[in-house]
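The values are calculated or read from the model by the stated rules, or taken from the named source; none is laboratory data. Everything quoted here is computed from the prediction, not taken from an experiment. Every residue, glycine among them, receives a Cβ derived from its backbone with ideal geometry; neighbour counts consider all protein chains shown. Quick note on the areas: whole protein, heavy atoms, side chains included, nothing else; ligands and nucleic acids left out. Shrake-Rupley method; radii C 1.70, N 1.55, O 1.52, S 1.80 Å.
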Amino acid sequence: MSLTAKDKAVVKAFWGKVGGKADAIGQEALARMFIAYPQTKIYFAHWSDLSPGSEQVKKHGKTVIGAITAAVDKMDDLIGGLSSLSDLHAFKLRVDPGNFKILSHNILVAFAVNFPGDFTPEVHVSVDKFLAALSAALADKYR
């Protein structure tokens, strides 16, 4: 499913509203993922504290949402723009690409909770398509 010009505009407009809450959204999405999908914790076994609000969850949530924010600016070439992240996750971290979809789902939930008035059905569809395209771009090196 490709992103239309309208999808891209909707995502960029919504992302502008995320702004100052971005780090908190990243942390919340990661914490939700660990709670709802505990099997995802296997990639973070080296962390001493996987609980919501821990410094490690906060830091990685900020890293994840920062990468997604950068991807918003690379929507026209996600595969090229995310090539180094795809390499990292495929060859060094060896993350199962199915986990990208799990995290995307938790990001959508965090958006719905934190932006109930702005996260309309139209925004939801466009952001979901964007996160699906982002997940596919991250999984590109697995082929």
Filtering the range 121-143 down to residues that are of a type outside the set (A, V, I, L, M), surrounded by 14 or more Cβ atoms within 10 Å (Cβ to Cβ) and more than 23 Å from ILE35 (Cα to Cα), which residue is modelled with the lowest pLDDT?
LYS141
Suppose we filter ASP118, ASP87 for residues that are open to solvent by 30 Å² or more (accessible area, probe 1.4 Å), in a helix (DSSP H, G or I) and acidic (Asp, Glu); which single one remains?
ASP87
Meets criteria (among the acidic types (Asp, Glu), open to solvent by 40 Å² or more (accessible area, probe 1.4 Å) and within 20 Å of ASN114 (Cα to Cα)) for GLU55
no
Among the residues of the range 19-32, write down those that are over 13 Å from the mean Cα position of the chain (by Cα) and either open to solvent by less than 60 Å² (accessible area, probe 1.4 Å) or free of Cβ contacts under 8 Å to residues at least 12 places away in the same chain (or both).
GLY19, GLY20
Answer yes or no: is there a residue in the range 5-22 that is in contact with an Asp or Glu (Cβ under 6 Å, 6 or more places away or on another chain) and at pLDDT 90 or above.
yes
List every residue pair whose Cβ atoms sit under 7 Å apart, with the two residues 6 or more apart in sequence or on different chains, where the first one lies in the range 114-141 and is within 11 Å of PRO97 (Cα to Cα) and the second, anywhere, is crowded, with 16+ Cβ neighbours inside 10 Å and hydroxyl-bearing (Ser, Thr, Tyr).
SER135/SER104; ALA137/SER86; LEU138/SER86; ASP140/SER86; LYS141/SER86
Residues that are without any contact (Cβ under 8 Å) to a residue 24 or more places away in the chain, in a loop (DSSP other than H, G, I, E, B) and on the phi < 0 side of the Ramachandran plot: does the range 59-70 have at least one?
no
Unique match (being over 16 Å from ALA132 (Cα atoms) and at pLDDT below 90) among SER48, SER84, SER2
SER84
Which of the residues belonging to the range 33-44 are open to solvent by 80 Å² or more (accessible area, probe 1.4 Å) and either modelled with pLDDT of 95 or more or not in a helix (DSSP H, G or I) (or both)?
ILE35
Name the single residue that is farthest from TRP15 (Cα to Cα) among those in the range 71-84 being assigned to a helix (DSSP H, G or I) and open to solvent by 50 Å² or more (accessible area, probe 1.4 Å).
SER84
